[in-house]
Amino acid sequence: MQQGTLMRKVKSKSWKKQRYFKLQDDCMTIWYQSKRTGKTESAFSISDVETVREGHQSEVLQSLAEEFPPERCFTIVFFGRRGNLDLIASSAEEAQCWVQGLRQLIEPRSFPLTSALVSRTWIRDWFQKADKNKDGRMNFKEVQRLLKMMNVDMNEDHALRLFQAADKSESGTLEGEEFVLFYKALTQREEVLSLFQDFSEDGKKLTLLELVDFLRQEQLEDEGTEELAMELIDKYEPSETARARHALSADGFLMYLCSPEGSIFNPRHQALWQDMSQPLCHYFISSSHNTYLIEDQIRGQSSIEGYIRALKRGCRCLEVDCWDGPNGEPMVYHGHTFTSKIPFREVVSTLGNDSRVEPSYPIPSSVLQGAGGAGPQQCGVPGDNRSHGGDGHPRAPTSPSTTPQELKHKILLKGKKIGRLEDMLDGPGDEAPDVSDDDNGAEAEERRRVKVGGLGCGPAGSAEPLDTAKDKESLAQALSDCIVYCKSVSFRGFQEARSHSRPSEISSLAEAKARKLIRDAGNEFVRHNTWQLTRVYPSGMRTDSSNYSPQEMWNVGCQIVALNFQTAGTEMDLCDGLFSQNGRCGYVLKPPFMRDEETLFNPSDPSSREGPGPITLTIQVISGQQLPKVANSKDGAVIDPLVRVEIHGVPADQAHQETKYIENNGFNPRWDETLQFQLHVPELALVRFVVEDYDKTSRNDFVGQFTLAFANIKPGYRHIHLLSKDGTSIPPSSLFVHIHITE
């Protein structure tokens, strides 16, 4: 890694400033200073960096593609909502030096290491933060400051005892290994040690047989348990002597519990584990609304970053809102608003860039064509798709049973089409959108835009049904030919759909319309979704890009439940929780009773579900570890954490319970409380763990969360590695729980 490297920091096509960038000696911090003034402008920690992208992989760098070659350009992407850092090096070699160096520094981060094997980088990071005078030593005053930074309100006498025990040199300061000893004492896990000793005859180690007993009795590992025990010892035992004797020490035991194998999330379900050879309508598909927006719906910024972030998050159904642009080039933005615009070709280039995303399974893209007529700009849409996507689109009509497996590496365009997909079949042609009485004005306009104005079939705000013949004339044939599988049709009721629609067609419903159908005809809705795709989108009144609950839509089997990915909150936590499984491919197979066209299931009546009776989920919330401080909290403030467990599922299963709060301890709080839930339809249940900072005078503050489908829960003693409000990891923050499931 070079130090003091002169590079261009870029914010726009016209804003390019030269800055010196330098990696600090701690290998954890990078600062940069102005070439002109020499003043240090900013610094960031390696722990803040999510990834590094090479080449023109940002909107700003794409705009400079003709001026600077991709070999000299790279982008540093940060966790959360912090803006990206676009840089241009003076040479390709210099750029590679930084790209490879940064990747090596961020690569080791995964599950946190604790106790004797705590990450040296993590310890060094805390030491640097606490060492106020930067002399490489830490006095007791700095230790007290460190405890506050780590969210610990510890008794001063106890803190002094820990300090003196670690100060082997009796110098009154800690340095090097002394600080490691102090950190080990601070991170001692009594609850884990007690569990370890329950299964260890001598209290010092677990023999292979003792570890097998623990795995079978507590972790309910019933297949290949002895082989698993050997793997865990080889992988997590730090002592070579213990490994040679096939034994696991207390440190190795803690390492296992903090590892992916000790996580609440079943590691087998993190890989692709579901059948991908069923019809598309048998899957829930991760879907976004107005993907190009990264802020609000009225004045927000449009950016290819919205597509990049959504795809990296596992989203597989994207929205591209096209309108006439200058110089004959279609533009993407939210029509009839003040949002910014991006060229359509940049969006297509982003979707087709295999080096950035991995579209192994099909990406249904909703192309909403708002151009004024059937001229060159509409024709340019499929042209851009073909030029950037290669063979990425199906060329011939597919069968109703087309599967994700058959459509791998394809981009499916959803939109209106001239005539039917099945050329040999007769049926009604394109129809005007159905504007129902229960839709409010904004939702009705949104539906007209999506169904008609969104594809160049007339004015977006037109209140009158459009003439079908004009519809067909205004829709360019070239664009129509790209619609192979997901043809948009109006929804006129379940009976009408069953009589006239085809499985290759899709209807879009505003959230209010979908809710009404759920209330009035839950079982019919479930049956409809066993053979045809349904897309649900947010109300037009959600100008702030807020979200509705996707759970009620999933409860009736709606496959494409579009959310505003840019808005953090419970709704996106549920989306991330459902689609975090199955290799994060963006497809989750619906349960069997939601794939049967004759199903009797109705989410409002759990007894209609075929299968075993309710199950009981018992969760013992034991402890928390190194919980983060609340954003923008005062210096020295320490949180009062509590844990709330929420069940999201069919109405009968919706529930939440919470622990008491622990006063002034965000570092290692102990709750030891048991919460219990009954689940009538566990196949649809999502479990959300939320940590909050208790406030008796106002609303509790968010600290962290983790959400997963009930089907992915591993029973036994498990760690839950918490995520931030934006869905990014916040190591080493975690909860320690015991999970018990009974039928």
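The values are calculated or read from the model by the stated rules, or taken from the named source; none is laboratory data. Bear in mind that the values here come from a model prediction, so they are computed numbers and not experimental data. All Cβ positions, even for glycine, are placed from backbone atoms using ideal geometry, and neighbour counts span all protein chains on display. Ligands, DNA and RNA are excluded from the accessible area calculation, which covers all protein heavy atoms including side chains. Shrake-Rupley method; radii C 1.70, N 1.55, O 1.52, S 1.80 Å.
In the list THR29, THR51, THR75, THR5, which residue meets the criterion of being modelled with pLDDT under 80 and not basic (Lys, Arg)? Unique residue meeting the criteria: THR29.
Could we say that ASP695 is free of Cβ contacts under 8 Å to residues at least 60 places away in the same chain and in contact with a helix residue (DSSP H, G or I) (Cβ under 8 Å, 6 or more places away or on another chain) here? So ASP695 fails the test. Scanning region 645-654 for residues that are part of a loop (DSSP other than H, G, I, E, B) and not small (Gly, Ala, Ser) turns up VAL650, GLN654. So for region 623-642 (the condition being in a strand (DSSP E or B), closer than 30 Å to VAL556 by Cβ and out of contact with any helix residue (DSSP H, G or I) (no Cβ under 6 Å at 6 or more places or on another chain)), does at least one residue qualify? No: zero hits.
Looking across region 629-639, just one residue is open to solvent by 30 Å² or more (accessible area, probe 1.4 Å) and either under 29 Å from GLN676 (Cβ atoms) or among the hydroxyl-bearing types (Ser, Thr, Tyr) (or both), and that is SER633.
Just to verify a result, which residue in region 241-253, among those that are within 13 Å of ARG189 (Cβ to Cβ) and surrounded by fewer than 24 Cβ atoms within 10 Å (Cβ to Cβ), is modelled with the lowest pLDDT? Looking at residues that are within 13 Å of ARG189 (Cβ to Cβ) and surrounded by fewer than 24 Cβ atoms within 10 Å (Cβ to Cβ), I get ASP251. Counting the residues of region 558-585 that are part of a loop (DSSP other than H, G, I, E, B), touching a strand residue (DSSP E or B) at 6+ places or on another chain (Cβ under 8 Å) and over 22 Å from VAL320 (Cβ atoms) gives 2. Screening region 61-105 for residues that are closer than 14 Å to SER12 by Cα and hydroxyl-bearing (Ser, Thr, Tyr) and picking the one that is most open to solvent (accessible area, probe 1.4 Å) gives SER63.
Count of region 212-228 residues, restricted to those that are over 33 Å from the mean Cα position of the chain (by Cα), closer than 26 Å to GLN620 by Cβ and open to solvent by 50 Å² or more (accessible area, probe 1.4 Å), is 2. With a requirement of 3 or more residues that are farther than 22 Å from SER259 by Cα and not aromatic (Phe, Trp, Tyr), the strands (runs of 3 or more DSSP E) lying completely within region 655-743 that satisfy it span 655-658, 670-679, 686-693. Identify all residues within region 640-671 that are of a type in the set (S, T, N, Q) and surrounded by 15 or more Cβ atoms within 10 Å (Cβ to Cβ); write none if there are none. Across region 640-671, the qualifying residues are GLN657, THR659, ASN664, ASN665, ASN668.
Checked against the criteria, GLY300 counts as touching a strand residue (DSSP E or B) at 6+ places or on another chain (Cβ under 6 Å) and at negative phi. Say whether the condition of being small (Gly, Ala, Ser), open to solvent by less than 10 Å² (accessible area, probe 1.4 Å) and assigned to a helix (DSSP H, G or I) is met by at least one residue in region 531-550. Scanning region 531-550 turns up no residue that is small (Gly, Ala, Ser), open to solvent by less than 10 Å² (accessible area, probe 1.4 Å) and assigned to a helix (DSSP H, G or I).
For GLN625, indicate whether it is of a type outside the set (A, V, I, L, M, F, W, C) and crowded, with 19+ Cβ neighbours inside 10 Å. Against the criterion (of a type outside the set (A, V, I, L, M, F, W, C) and crowded, with 19+ Cβ neighbours inside 10 Å), GLN625 qualifies. Taking region 229-240 as the range and being without any contact (Cβ under 8 Å) to a residue 24 or more places away in the chain, within 34 Å of the chain's Cα centre (by Cα) and surrounded by fewer than 19 Cβ atoms within 10 Å (Cβ to Cβ) as the test, the residues that pass are MET230, GLU231, ASP234. Residue by residue through region 494-512, note down the ones that are under 23 Å from THR402 (Cβ atoms) and in a strand (DSSP E or B). Within region 494-512, GLU505, ILE506, SER507, SER508, LEU509 meet the criteria.
The set of residues from region 498-513 being touching a residue at least 60 places away in the same chain (Cβ under 8 Å) and open to solvent by 10 Å² or more (accessible area, probe 1.4 Å) comprises HIS500, ARG502, PRO503, ALA512, LYS513. A single entry from ASP275, ASP321 fulfils the requirement of being surrounded by 22 or more Cβ atoms within 10 Å (Cβ to Cβ), outside any helix (DSSP H, G or I) and charged (D, E, K, R): ASP321.
Condition check: touching a His at 6+ places or on another chain (Cβ under 6 Å) and under 30 Å from GLU227 (Cβ atoms). Does GLY352 satisfy that? No. Within region 241-259, the set of residues being of a type in the set (Ser, Thr, Tyr) and within 38 Å of the chain's Cα centre (by Cα) comprises SER249, TYR256, SER259. All conditions but one from (1) out of contact with any Phe, Trp or Tyr (no Cβ under 7 Å at 6 or more places or on another chain); (2) surrounded by 18 or more Cβ atoms within 10 Å (Cβ to Cβ) apply to LEU209; the one that does not is (2).
With respect to (1) within 18 Å of GLU646 (Cβ to Cβ); (2) free of Cβ contacts under 8 Å to residues at least 12 places away in the same chain, the lone exception for VAL690 is condition (2). When each of GLY176, GLY136 is tested for being over 22 Å from ASP672 (Cβ atoms) and at pLDDT below 75, the lone residue that passes is GLY176.
State all residues of region 173-184 that are farther than 13 Å from GLY136 by Cα and touching a strand residue (DSSP E or B) at 6+ places or on another chain (Cβ under 7 Å); if no residue qualifies, say none.
Result: PHE182, single match.
This table checks each residue for (1) among the basic types (Lys, Arg); (2) within 23 Å of VAL588 (Cα to Cα); (3) in contact with a helix residue (DSSP H, G or I) (Cβ under 8 Å, 6 or more places away or on another chain).
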residue	(1), (2), (3)
ASP275	no, yes, no
LEU293	no, no, yes
ILE298	no, no, no
ARG309	yes, yes, no
ARG313	yes, yes, yes
GLU319	no, yes, no
VAL332	no, no, yes
LEU351	no, yes, yes
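Condition check for ILE123 on (1) assigned to a loop (DSSP other than H, G, I, E, B); (2) at pLDDT below 75: one failure, at (1).
Test TYR717 against the stated conditions and say whether it is open to solvent by 50 Å² or more (accessible area, probe 1.4 Å), modelled with pLDDT of 95 or more and aromatic (Phe, Trp, Tyr). In short, no. If we scan region 287-295, do we find a residue that is open to solvent by 10 Å² or more (accessible area, probe 1.4 Å), touching a residue at least 24 places away in the same chain (Cβ under 8 Å) and in a strand (DSSP E or B)? Looking for residues that are open to solvent by 10 Å² or more (accessible area, probe 1.4 Å), touching a residue at least 24 places away in the same chain (Cβ under 8 Å) and in a strand (DSSP E or B), one finds none in region 287-295, hence no.
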